[in-house]
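Q: Before I ask anything, here is the structure I am working with.
The values are calculated or read from the model by the stated rules, or taken from the named source; none is laboratory data. Predicted, not measured: the structure shown is a model, and the values here were computed from it. Cβ placement follows ideal geometry from the backbone for every residue including glycine, while neighbour counts extend to all protein chains displayed. Heavy atoms of the whole protein, side chains included, go into the accessibility calculation; ligands, DNA and RNA do not. Shrake-Rupley method; radii C 1.70, N 1.55, O 1.52, S 1.80 Å.
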Amino acid sequence: MKLIENTFQEFVDAIQTAGDENAFERVASRCAQRLGFQRFAYLRLDGDRATLISSYPKSWTSRYFDLGYQQLDPVVLRAKVERDIFSWGGVARAPAGSREQRHFFDEATTFGIRSGITVPIRGGFGRVAAFTLATSDREIDSDRTAGEWKDIVQQVGLYFHVHVSAKLEAAFAAPQQGESELTQRERQCLGWTAQGKTVADIAVLVAIAPRTVVFHLENARRKLGAASIAQCVAVALRRGLLV
Amino acid sequence: MHAIALHTSEFGRHLNVLTSMYRLRRRIFKDRLDWSVSISGDMEIDVYDALSPTYILAVSEQQEVLGCVRLLPTTGPTMLADTFGNLLGNRAAPRDERILESSRFCVDTGRTFEASRHGLSRATFVLFAAMIEAMRAKGAQSIVTVTDARMERILRRAGWPLERLSEPQPLGQTIALAGFLHDSDEALAAMYRQAGVNGPVLVGTGSERRAA
């Protein structure tokens, strides 16, 4: 096997056994280094919720979130709309961009993040993630985003994403558990919501106060770990809790 | 045309066909069927791919991927239990070492011109035969799958009828149902006949093929 195939195999083997965030970080960090990059970052956006696993300096990532940089980070903004893997930084850096964005890049450079490759990932239901390999080099070789290189980096990004989803985001919940988790009333209220009924409608249908409907929906949302009632309905349907 | 079974431990060695498979899946499941699946660029990979599946691929002599299917043990998470649980009503999804789950079955209809009987491409029969062979190699006796009414018809006509586990129900744009495909000598013989082969279609993926 060639080096690059070896690196990919090693990554695939290692990520199978990764069970927590630290292990995921180690696996991707090692893979990034074998591919010639000092750092990696995986950013996942679920509505307003952002999750980051990275080997970036902690001083940089905490500053990043404190200042809400994910709102203006040109790499994140591009990952949201781009379909294919792309490189950034160096001469490829857009000369345009706001003053804040130029300042942002200058700041990132001081943390050793100068250029990189980003794999944009579209999850189902509007979720977006970006897997980035970064370096302090001035520029990314164009062959790093073409051919076999591109295929490997893209698969490393996607694999990282689905393994994190499977293991850290509780994509698979034991159905028996979930069922006993929700009360009869919670299932009822969610079921009607899934049918397009409003809180006021449900209050009439179930003969309880609207306030109580909201109470049950909120409880269900919390139990299923959903960010919104809409997501809660989707999770409940997916797990077959509303039948 | 032949079939290969790819395990996680062989991904690096078979990167080309692996990549082609993820591309084919994107073309079929995202571009054509518009499912809500995880994609990046021209590939599709989902959470069930994180569970060390075995991929069965129908490959041409030029190493083009003509079709694929994913096999998972039912002792861990499965699409039937964790994604399509509502198809089963109150019944529990099968969890058994002797049952595998198949998903993401697809054939590149744009590429396989060697159509045979029933208007189905040969790749379909090669894949069906390889599924039975792989099931035997893993010591399983049945495959459980979520499929649609059209596929159920194809299987029946091909001589590998689905034993329904649920009544067909609307799911997104299609009518979905769950069912078992059991191992049987008659089914395997029927697949070989329609694939136009005399014996096993699944070939090893190790170095012996490279040397051949």
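Q: Among residues belonging to the stretch B:94-109 that are touching a helix residue (DSSP H, G or I) at 6+ places or on another chain (Cβ under 8 Å) and not in a strand (DSSP E or B), point out the one that is nearest to the other protein chains (Cβ to nearest Cβ).
A: Once the filter is applied, the top-ranked residue is B:Arg95.
Q: Out of everything in the stretch B:139-185 that is among the hydroxyl-bearing types (Ser, Thr, Tyr) and over 14 Å from the mean Cα position of the chain (by Cα), what residue ends up being most open to solvent (accessible area, probe 1.4 Å)? Reasoning before the result, please.
A: Let us first name the residues in the stretch B:139-185 that are among the hydroxyl-bearing types (Ser, Thr, Tyr), namely B:142, B:145, B:147, B:166, B:174, B:184.
When the remaining residues are screened for being over 14 Å from the mean Cα position of the chain (by Cα), the result is B:166, B:174, B:184.
Details: B:Ser166: 8, B:Thr174: 56, B:Ser184: 33 Å².
For the stretch B:139-185, the residue satisfying everything is B:Thr174.
Q: Name the single residue that is most open to solvent (accessible area, probe 1.4 Å) among those in the stretch A:135-159 being of a type in the set (D, E, K, R) and away from every other protein chain (no Cβ under 11 Å).
A: A:Arg138
Q: Let me ask you something else. Any residue at all in the stretch A:45-65 that is within 14 Å of chain B (Cβ to nearest Cβ) and either on the phi < 0 side of the Ramachandran plot or touching an Asp or Glu at 6+ places or on another chain (Cβ under 8 Å) (or both)?
A: yes
Q: When the residues of the stretch A:219-243 are narrowed to those that are buried (at least 21 other Cβ atoms within 10 Å of the Cβ) and touching a residue at least 12 places away in the same chain (Cβ under 8 Å), which ends up nearest to the other protein chains (Cβ to nearest Cβ)?
A: Only one residue tops the list, namely A:Gly240.
Q: Have a look at B:Arg136, B:Arg122, B:Arg117 and point out the one that is among the basic types (Lys, Arg), modelled with pLDDT under 90 and surrounded by fewer than 15 Cβ atoms within 10 Å (Cβ to Cβ). Walk me through it before giving the result.
A: Details: B:Arg136 fails: modelled with pLDDT under 90; B:Arg122 fails: surrounded by fewer than 15 Cβ atoms within 10 Å (Cβ to Cβ).
Every option except B:Arg117 fails the conditions.
Q: If a residue must be more than 11 Å from chain A (Cβ to nearest Cβ) and either within 17 Å of A:Phe8 (Cα to Cα) or crowded, with 19+ Cβ neighbours inside 10 Å (or both), how many such residues does the stretch B:1-20 contain? Steps first, answer last, please.
A: Residues of the stretch B:1-20 more than 11 Å from chain A (Cβ to nearest Cβ): B:1-6, B:17.
Still in the list and also either within 17 Å of A:Phe8 (Cα to Cα) or crowded, with 19+ Cβ neighbours inside 10 Å (or both): B:1, B:3-6, B:17.
The number of residues fulfilling the criteria is 6.
Q: Scan B:Arg23, B:Arg13, B:Arg91 and give me the residue that is assigned to a helix (DSSP H, G or I) and among the basic types (Lys, Arg).
A: Values: B:Arg13 fails: assigned to a helix (DSSP H, G or I); B:Arg91 fails: assigned to a helix (DSSP H, G or I).
When all the criteria are applied, what remains is B:Arg23.
Q: Continuing with the same structure: For the stretch B:127-212, which fully contained strands (runs of 3 or more DSSP E) count at least 3 residues that are touching a helix residue (DSSP H, G or I) at 6+ places or on another chain (Cβ under 9 Å)?
A: Those strands (runs of 3 or more DSSP E) span B:142-148, B:174-182.
Q: Whether any residue in the stretch B:29-50 is small (Gly, Ala, Ser), closer than 19 Å to B:Thr147 by Cβ and modelled with pLDDT of 90 or more is what I want to check.
A: No.
Q: Also, I was wondering about something else. Please find, within the stretch A:1-20, the residue that is farthest from the other protein chains (Cβ to nearest Cβ) out of those that are over 20 Å from B:Tyr48 (Cβ atoms) and loosely packed, with under 14 Cβ neighbours inside 10 Å.
A: Step by step, filter the stretch A:1-20, then rank; the result is A:Asp20.
Q: What's the total number of residues in the stretch B:31-77 that are in a strand (DSSP E or B) and either more than 22 Å from B:Ala137 (Cβ to Cβ) or facing another protein chain (nearest Cβ under 8 Å) (or both)?
A: To start, the set of residues in the stretch B:31-77 that are in a strand (DSSP E or B) comprises B:39-40, B:43-44, B:54-59, B:65-73.
Pick out the ones that are also either more than 22 Å from B:Ala137 (Cβ to Cβ) or facing another protein chain (nearest Cβ under 8 Å) (or both) and you get B:39-40, B:43-44.
Number of matching residues: 4.
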